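Report on one structure; see the data block that follows.
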Amino acid sequence: QVQLVESGGNLVQAGGSLRLSCAASGSTFSIGAMGWYRQAPGKERDLVATITRGGTRNYADSVKGRFTISRDNTKNTVYLQMSGLKPEDTAVYYCYADPGPYIYNSARSWGQGTQVTVSS
């Protein structure tokens, strides 16, 4: 199995920047795509960004141009660089790792979540 540990959440001022990290351990050879979700109180958990093992990136429209997802396969770590932060970005951010191709009977792995609070 894969374990994910997040770090980097903090309280920041609007317009500021923050970088979240998510380090994977365990059966890291089996990891395929990785990404980030976020959930604000009373709201659904929404997809923020994804990245394949080969580096193909996708972003939610709300963060496109402000957030950058990246990964270091050697370090088994995925990052979310956030800039131009807005109060609407305030949420708990969760990273995930999907099983890779041909890895069967394995579920998506989730991090514990890290709080990002953007003050106005």
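Per residue, the solvent-accessible area of the chain (1.4 Å probe, heavy atoms of protein chains only, all protein chains present) comes to 54 Å². Excluding same-chain residues fewer than 8 positions from K75, which aspartates and glutamates have a Cα within less than 19 Å of its Cα? Straight-line reach from K75, under 19 Å: E6, D98. Using only side-chain charges placed at the Cβ, +1 for Lys and Arg and -1 for Asp and Glu, the dipole size of the stretch 16-64 relative to its Cα centre rounds to 100 debye. What a 1.4 Å probe finds exposed on the chain is 48% carbon and sulfur by accessible area, rounded to a whole percent.
The charge dipole of the chain, taken about its Cα centre with unit charges on the Cβ atoms of Lys, Arg (+1), Asp and Glu (-1) only, comes to about 180 debye.
The values are calculated or read from the model by the stated rules, or taken from the named source; none is laboratory data. These numbers come from a predicted model, not from an experiment. Cβ: placed from backbone, ideal geometry, glycine included. Neighbour counts: every protein chain shown. Ligands, DNA and RNA are excluded from the accessible area calculation, which covers all protein heavy atoms including side chains. Shrake-Rupley method; radii C 1.70, N 1.55, O 1.52, S 1.80 Å.
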